[in-house]
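Input: a single structure, listed below in structure tokens.
Laboratory data are not the source of any read-out in this text; all were calculated from the coordinates shown. Bear in mind the structure is a predicted one, so any value in this text is a computation, not a measurement. Note that we place each Cβ from the backbone using ideal geometry, even for glycine, and neighbour counts take in every protein chain shown.
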Amino acid sequence: MSEQDEQAGTPLRRELPEEVPAGAAGGEVPRATPGTAPGAGAGAALTGRQRLADGLWPPRFSRAQLIVALLLFGLGFGLAVQVASNSDSDSALRGARQEDLVRILDELDDRTQRLEDEKQGLEKQRQELENSSDQAEEARKQTAEKERQLGILAGTVAAQGPGITITVDDTKGTVEADMLLDAIQELRAAGAEAIQVNGVRVVAGTYLTDSGKGVEVDGNKIGTPYRFKVIGKPQDLEPALNIPGGVVQTLEKEQATVAVERSDKIVVDALRAAKRPDYARSSSR
């Protein structure tokens, strides 16, 4: 306060400047940027953690990304199912003993050898036909032999030879048609040339169905015990039935009794009437 003011007797007031709200100079109060912490200054830069949080939540998916995700899920599910099925199919071999695995390998080798022998036999027939001086007579001879073989396969002629007999005693009534069909398929794969089940000749078109407490073979009802007469190499037929997880083991799980016997002479005398096809005709000229 100056001496003049004091002399004038006028009290001196010092006016303090009013507080100006922040941002008043610009005319507007700036809004907080999304993602900034409460109380942060206007225009403050986002931290790396805040930018990461903003990018992850809420999630944003495009249509293409959803389609790709569904495809990947389906692919993964399919692979899982395939792995599971392969594990189930290999479980029997994985738990088999060493001698059982050796037996299975021997069976595969025997099947390969049978196919090789058949191939060599066909090649021999071709060479004989080509080298024969009387090709017409040789052709008639081979035709007669082929007719006899086809008659055995078709069940129109009786047959005899080495093989095995199989007796399945099903006292519990638990054996079903598909189990007997598996036995027939396994015997065919092992080289069986003629099969007869309870007086019914088994041919290429044979079918089996369940019928009450028994089984029907080509419409003919048969009952327990089921007896198979099989012509073929006994050393191949019997091991094929006894492989781990094979026919004998499956039937025994159903509480059936299975007996397999080898024989030097098996007679298959059940015959099938020759059926002429209604529509199929030979295409040879």
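At what distance in angstrom do the alpha carbon centres of the stretch 171-191 and the stretch 258-273 lie from each other? Between the Cα centres of the stretch 171-191 and the stretch 258-273 lies a distance of 15 Å.
Values of log10 I(q)/I(0) for the stretch 159-268 across q = 0.16 Å⁻¹ run -0.64, by the Debye formula with one identical scatterer at each alpha carbon and no solvent.
Evaluating 6.51 cos²θ - 1.76 cosθ + 1.60 at θ = phi - 60° for every residue in the stretch 108-121, the Karplus couplings come out as 5, 5, 5, 5, 4, 5, 5, 5, 5, 5, 5, 4, 5, x Hz, glycine and proline recorded as x. Histogrammed with a bin width of 5 Å, the alpha carbon distances of the stretch 220-281 distribute as 3, 12, 18, 18, 16, 13, 8, 7, 4, 0 percent, first bin at zero. Note that the stretch 238-247 has calculated 3J(HN,Hα) couplings of 5, x, 5, 7, 9, 5, x, x, x, 5 Hz, one per residue in order, obtained from phi through the Karplus relation 6.51 cos²θ - 1.76 cosθ + 1.60 (θ = phi - 60°); glycine and proline are x.
Overall, the stretch 159-268 carries a charge dipole of about 300 debye about its Cα centre when +1 sits on the Cβ of Lys and Arg and -1 on the Cβ of Asp and Glu, all other atoms neutral. Scoring 241-248, 74-81 by mean Cβ neighbours within 10 Å over their residues and listing the highest first yields 241-248, 74-81.
Applying 1/(1 + (r/R0)^6) with R0 = 51 Å to the Cβ-Cβ distance of D117 and L71 gives a FRET efficiency near 0.50.
Relative to its residue count, the stretch 112-154 spans a Cα convex hull of 54 Å³ per residue.
Using the Cα centre of the stretch 112-154 as the reference point, and only Cβ charges (+1 on K/R, -1 on D/E), how large is the resulting charge dipole? Debye, rounded to the nearest 20.
That gives a dipole near 180 debye.
One chain, two ends: T174 and R49. Fully extended at 0.36 nm per residue, the span grows by 38.1 nm beyond their Cα-Cα distance.
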